[in-house]
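Each remark here refers to the structure printed beneath this line.
The values are calculated or read from the model by the stated rules, or taken from the named source; none is laboratory data. Model, not experiment: these values are computed from the prediction. A quick note on method: Cβ atoms are made from the backbone with ideal geometry, for glycine too, and the neighbour counts reach across all protein chains shown.
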Amino acid sequence: MSKSFLERVKESNVKPVMKTTSNDNKQGFKTIAIVNNKGGVGKTTIAFNFACILAHMGKKVLVLDNDPQANASRLLQKDNDTDCYNMSRLYLNHEKAENIVEESGFSNVWIIPTSIRQEETEEVIVKRKDNLSCLNRWIKDNSKILLNKYSIDYIIIDCSPSMGVLNKNAYLASDALIIILGPDLDAINGLINFGRVYEDIYKKETRRDETNVKAVVLNQMNMDSLVSQVFLEQIQQRNYPYKQLVLDKIISYSDAVALTKAMGKPINILSQKEEYFTDAFGEMKSIIEILHDKEVL
Ligand SMILES: Nc1ncnc2c1ncn2[C@@H]1O[C@H](COP(=O)(O)OP(=O)(O)OP(=O)(O)O)[C@@H](O)[C@H]1O
Ligand SMILES: [Mg+2]
């Protein structure tokens, strides 16, 4: 008899090997958006940690903070500027990368930061023609400099909890969308609604049938809690878009992960100092390795 999803999650301890050299052939970089139009599922926590762990593995990563809450900017920007317009300049002025990319506080990670000012940008962009392709055009026009000056392997976009025009830009500019789900019993309905809206936009804008949603990662899972267990049963039993993309390996709910945001340090750095963070680091790294094996990353 085939194993249940719950059993597979409990057993999954895959440790594939990921190359630790920087972009093997330097012909390009991958753009990955971390998404869910629902708030608080862990998008920023995962974007921040993925970026720093990839850098720890030898990759070079540029984070775009696409969320006016500016949580990724707080974590990555060296001098947090609460009136920062860098992402706004990207969208409004098609500003060159070298004028808006900043070094982060962590080696091999760069950031295009933002601030609450980005709310105003959204209002301007939405009225423009071709308002869904600004970021895609910016990435194409700046790809040479991103490769030649920064040797970027990955662009990771931290999205806000909305289906607004700037997020649609991020979705359409990405090679892969990774959807983060928390153990909320409404999460599957959220996925159904997201799929309904996004599939239409994607087909209309790209004229392609198969979307760029490439993985669904379950975060904040507490296997001792009934809510997480019932949620996992639903994930297995119900039908919804992207079901086949849900990873067996989950990210557990842990204070160690929450502390990365609270302390402003990624899990790879914290785990070097305290054993307390080792398990959470291993779990997050395994997810990255699985995503790499599946050619999502
Ligand atoms: N695996 C985890 N274990 C424990 N806490 C977590 C985990 N992942 C995220 N959190 C905590 O959950 C909260 C929300 O996380 P985060 O800000 O990353 O979510 P978000 O999806 O980016 O939110 P928003 O939609 O507002 O941008 C934070 O306090 C974070 O520390
Ligand atoms: Mg966030």
Report, by residue number, each residue of region 185-224 that is basic (Lys, Arg) and either assigned to a helix (DSSP H, G or I) or modelled with pLDDT of 95 or more (or both). Arg196, Lys203, Lys204, Lys214
Could you tell me whether Asn169 is more than 12 Å from ligand 1 (Cβ to nearest atom) and either assigned to a loop (DSSP other than H, G, I, E, B) or buried (at least 21 other Cβ atoms within 10 Å of the Cβ) (or both)? yes
Which listed residue is in a helix (DSSP H, G or I) and near ligand 1 (Cβ under 10 Å from one of its atoms), from Leu291, Leu232, Leu270, Leu259: Leu259
Residue check: is Ser151 surrounded by fewer than 19 Cβ atoms within 10 Å (Cβ to Cβ), of a type in the set (Ser, Thr, Tyr) and within 16 Å of ligand 1 (Cβ to nearest atom)? no
Of Pro266, Pro241, which residue is of a type outside the set (A, V, I, L, M, F, W, C), in contact with a Lys or Arg (Cβ under 9 Å, 6 or more places away or on another chain) and within 22 Å of Leu291 (Cα to Cα)? Pro241
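Condition check ((1) at pLDDT 95 or above; (2) within 16 Å of ligand 1 (Cβ to nearest atom)) across all residues:
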position: Ser2; (1), (2): no, no
position: Asn37; (1), (2): no, yes
position: Thr45; (1), (2): yes, yes
position: Gly58; (1), (2): yes, no
position: Ser88; (1), (2): yes, no
position: His94; (1), (2): yes, no
position: Ile100; (1), (2): yes, no
position: Ile112; (1), (2): yes, no
Going by the structure shown, is Leu172 in contact (Cβ under 8 Å) with a residue 40 or more places away in the chain, among the aliphatic types (A, V, I, L, M) and under 17 Å from Val63 (Cβ atoms)? no
Selection from region 60-86 of residues touching a residue at least 60 places away in the same chain (Cβ under 8 Å), within 16 Å of ligand 2 (Cβ to nearest atom) and not in a loop (DSSP other than H, G, I, E, B) yields Val63, Leu64, Asp65, Asn71, Ala72, Arg74, Leu75
Which condition number does Ser151 fail, the rest of (1) closer than 23 Å to Pro68 by Cβ; (2) more than 16 Å from ligand 2 (Cβ to nearest atom); (3) polar (S, T, N, Q) being met? (1)
Here are some residues: Ser160, Ser143. Which one is among the small types (Gly, Ala, Ser), in contact (Cβ under 8 Å) with a residue 60 or more places away in the chain and buried (at least 17 other Cβ atoms within 10 Å of the Cβ)? Ser160
Only one of Lys144, Lys129 is over 19 Å from the mean Cα position of the chain (by Cα) and modelled with pLDDT of 95 or more. Can you tell me which? Lys144
